[in-house]
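Q: Dumping the structure here so I can ask a few things about it.
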Amino acid sequence: MKIAMDEILQTIRMVQMENLDIRTVTMGINLHDCANSDFSKMQQRVYQKVTSYARNLKAVAEETEKEYGVPIVNKRISITPIAEILGNASVAEAVELAKTLDQAAAELGVDFIGGFSALVHKGLSKSDETLLKALPEALSVTERVCASVSVATTRTGINMDAVCELGFIIKEAAERTKEQNGIACAKLVVFCNPVEDNPFMAGAFHGAGEGEVVLNVGVSGPGVVLNALKRHPEADLGEVSDIIKKTVFKITRAGELIGRVVAKRLGVPFGIMDLSLAPTNALNDSVAEILEEIGLERVGTHGTIAALALMNDAVKKGGAMASSYVGGLSGAFIPVSEDNGMIRGIEEGALSLSKLEAMTCVCSVGLDMIALTGDVTPSTLSGIIADEAAIGMINKKTTAVRVIPVPGKTEGDIVEFGGLLGRAPVIGVNPFSSQKMISRGGRIPAPLQALIN
C-alpha cells in the first residue's frame with residue numbers, strides 16, 4: 001500500500017485527538033489436525049499449536065504499534081470451533097480443554113481466545129451437546145476463553161431446541177459468577193448467520209472456510225467519525241453520509257496498513273479488515289453520540305433507526321472503497337456497557353430493550369452487553385435469543401445476543417464489569433411469559449429467502 005504524506009498527518013491527528021485505534025489484531029488458527037481419540041494427546045496438540053503459531057503475536061503487535069504510532073488495543077486468537085474436534089470427550093474433559101486454552105492465552109499475553117464454540121443451527125451432534133453442557137463451568141473457571149453458539153441461519157431456520165437450552169446455560173453461567181456480576185455471560189455470544197472471519201470477541205472463531213492460519217484486523221474509530229461530523233454542523237443528510245464515507249475510508253486505510261505489517265512480520269497471510277465502529281467508555285468514543293450529532297436529542301428517540309441505517313451504510317461504503325479485503329461483521333456495534341451515549345440513553349428513559357432490538361435490524365451485530373434483571377427466567381432469555389435470530393434469519397444478516405442476567409440486581413441498578421466491558425444500567429424485561437412457545441422445541445423452518453439457488 002502506498003500512503004501519501006497528507007494521509008499520514010491525518011492519521012496522526014486521528015490517533016492523538018480522536019481516539020483512533022486498531023481495536024484488535026486477531027490470529028485465526030485451524031485446529032482440525034489436533035483431533036485425537038486420546039484426549040490428553042488432543043489437549044497437548046491444541047496447546048502446542050496455539051502457542052507455536054501465536055508465540056510472537058503480542059511482541060510483533062507492540063513493536064508495530066510503537067513504530068507507527070497507532071495503538072493496537074487488543075491482541076487476540078480465534079480457533080476452530082472446539083465442538084468440531086471434541087469427538088467422544090466428556091464434559092469434564094471439555095472444561096479441561098477450556099482451561100488449557102486459557103493457560104495458553106495467558107502465557108502468550110493475549111487478551112482473549114475465541115472459539116470455544118459450536119455450530120448447531122440445524123442440529124446437535126454428540127460433541128455439540130458436550131460443549132453446551134460444559135459452557136457454564138468452562139466460562140466461569142477461565143478468564144480469557146470466549147464462546148459462541150450458532151443457533152440459526154437463513155438457510156436452515158432456527159434450532160429452537162438449542163435456543164431453549166441456551167436460556168438455562170446463560171442463567172447458570174451468571175449464577176456461577178454472581179460475585180462478579182455474572183461476568184461469564186459477557187464471554188458468550190449466541191449467533192444467527194455467524195461469519196467465519198470475525199476478529200471481535202466474544203464471537204470470534206476460525207471458520208471451516210479459512211486457511212491454516214490468518215491475521216484479521218478490527219479497526220475502530222467512533223471518535224474520528226464524531227469529530228468529522230462536528231466540523232460540519234449544517235450539513236444535510238446526504239452530506240453527512242459523504243462525510244462518514246470519507247472518514248471511514250481514511251480509518252480503513254490506516255488499519256489495513258498496520259494489519260498487513262503485523263501479518264508480514266509474523267509470516268502469516270493477511271485476512272480481512274472488519275470496519276465495525278466499536279465504542280469504548282472513553283470520552284467522545286461513542287456510536288450513540290454519532291447518532292446524536294446527526295440530530296437526535298438522545299439516542300433511542302424517534303428517528304434513531306433511520307440515523308443508524310444512514311451511518312451503517314456509509315461505514316460500509318467508505319470501507320469498501322478503501323480495501324478489497326473487507327470482512328468480519330463490518331458495521332456498527334451497539335454494546336450498551338461499552339458506550340457512554342447508550343448508557344445515558346437508557347438512564348434518561350430514551351432507550352429501551354425493544355428499541356435496541358429494533359436497531360439491530362439495520363446494524364451489526366445484535367443485542368450486545370446488556371445487563372438484565374437477575375430474576376429473568378430461562379424461557380425469557382430464550383425468547384430474546386429467538387427474536388434476535390428471527391431478525392437475522394429473515395434479513396439475511398448476522399445478529400447475535402450477549403446479555404447478562406445479573407444475580408441480585410433489579411431494574412435501574414448500575415453494574416461494573418471493568419476494562420473494555422465497561423458498566424451498564426440493568427434493564428427490565430417484559431413480564432409476560434413465552435414459556436409455552438419455547439418449550440415446544442423443534443426447528444423454525446427456513447424462510448423463503450433460503451431458496452436462492
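The values are calculated or read from the model by the stated rules, or taken from the named source; none is laboratory data. Not measured: the values here are computed from a predicted model. Methodologically, a virtual Cβ is constructed for each residue, glycine included, from the backbone with ideal geometry; neighbour enumeration extends over all protein chains shown. Each accessible area value is taken on the protein alone, full model and side chains, heavy atoms only, with ligands, DNA and RNA left out. Shrake-Rupley method; radii C 1.70, N 1.55, O 1.52, S 1.80 Å.
Q: Could you please find all residues in the stretch 148-166 being in a strand (DSSP E or B) and touching a helix residue (DSSP H, G or I) at 6+ places or on another chain (Cβ under 6 Å)?
A: Val151, Ala152, Ile158
Q: When you scan the stretch 285-303, do you find a residue that is in a strand (DSSP E or B) and within 19 Å of the chain's Cα centre (by Cα), even just one?
A: Looking for residues that are in a strand (DSSP E or B) and within 19 Å of the chain's Cα centre (by Cα), one finds none in the stretch 285-303, hence no.
Q: Another question about this same structure. Spot the failing condition for Leu372; the list is (1) in contact with a Pro (Cβ under 8 Å, 6 or more places away or on another chain); (2) under 17 Å from Lys245 (Cα atoms); (3) of a type in the set (A, V, I, L, M), and only one is missed.
A: Just one mismatch for Leu372, condition (2).
Q: What single numbered condition from (1) of a type in the set (Gly, Ala, Ser); (2) surrounded by fewer than 22 Cβ atoms within 10 Å (Cβ to Cβ); (3) touching a strand residue (DSSP E or B) at 6+ places or on another chain (Cβ under 8 Å); (4) within 24 Å of Asn216 (Cβ to Cβ) fails to hold for Gly271?
A: Gly271 satisfies all of (1) of a type in the set (Gly, Ala, Ser); (2) surrounded by fewer than 22 Cβ atoms within 10 Å (Cβ to Cβ); (3) touching a strand residue (DSSP E or B) at 6+ places or on another chain (Cβ under 8 Å); (4) within 24 Å of Asn216 (Cβ to Cβ) except (2).
Q: Looking at the stretch 131-150, is at least one residue open to solvent by 30 Å² or more (accessible area, probe 1.4 Å), under 30 Å from Leu448 (Cα atoms) and at pLDDT 95 or above?
A: No, the stretch 131-150 contains no residue that is open to solvent by 30 Å² or more (accessible area, probe 1.4 Å), under 30 Å from Leu448 (Cα atoms) and at pLDDT 95 or above.
Q: Determine which member of the set Glu172, Glu212, Glu179 is modelled with pLDDT of 95 or more, open to solvent by 10 Å² or more (accessible area, probe 1.4 Å) and under 30 Å from Ser434 (Cα atoms). Even if it seems obvious, please write down each step before you answer.
A: Numbers: Glu212 fails: under 30 Å from Ser434 (Cα atoms); Glu179 fails: modelled with pLDDT of 95 or more.
Selected residue: Glu172, the only one of Glu172, Glu212, Glu179 that is modelled with pLDDT of 95 or more, open to solvent by 10 Å² or more (accessible area, probe 1.4 Å) and under 30 Å from Ser434 (Cα atoms).
Q: Any residue at all in the stretch 46-57 that's at pLDDT below 95, farther than 21 Å from Leu277 by Cα and part of a helix (DSSP H, G or I)?
A: Scanning the stretch 46-57 turns up no residue that is at pLDDT below 95, farther than 21 Å from Leu277 by Cα and part of a helix (DSSP H, G or I).
Q: Kindly list the number of the only condition in (1) aliphatic (A, V, I, L, M); (2) at pLDDT below 95; (3) under 24 Å from Gly203 (Cβ atoms); (4) not in a helix (DSSP H, G or I) that fails for Ile452.
A: Condition not satisfied by Ile452: (3).
Q: Take the stretch 405-418 and flag every residue that is surrounded by fewer than 17 Cβ atoms within 10 Å (Cβ to Cβ) and either touching a residue at least 12 places away in the same chain (Cβ under 8 Å) or not in a loop (DSSP other than H, G, I, E, B) (or both).
A: First pass over the stretch 405-418, keeping only residues surrounded by fewer than 17 Cβ atoms within 10 Å (Cβ to Cβ): 408, 410-414, 416, 418.
Gly408, Thr410, Glu411, Gly412, Asp413, Ile414, Glu416, listed by residue number.
Q: Kindly indicate whether Leu421 is among the hydrophobic types (A, V, I, L, M, F, W, C), crowded, with 18+ Cβ neighbours inside 10 Å and at pLDDT below 95.
A: The answer is yes for Leu421.
Q: Scan the stretch 72-130 residue by residue and report those that are open to solvent by less than 10 Å² (accessible area, probe 1.4 Å), among the polar types (S, T, N, Q) and over 21 Å from Val60 (Cα atoms).
A: Matches in the stretch 72-130: Thr80, Ser117.
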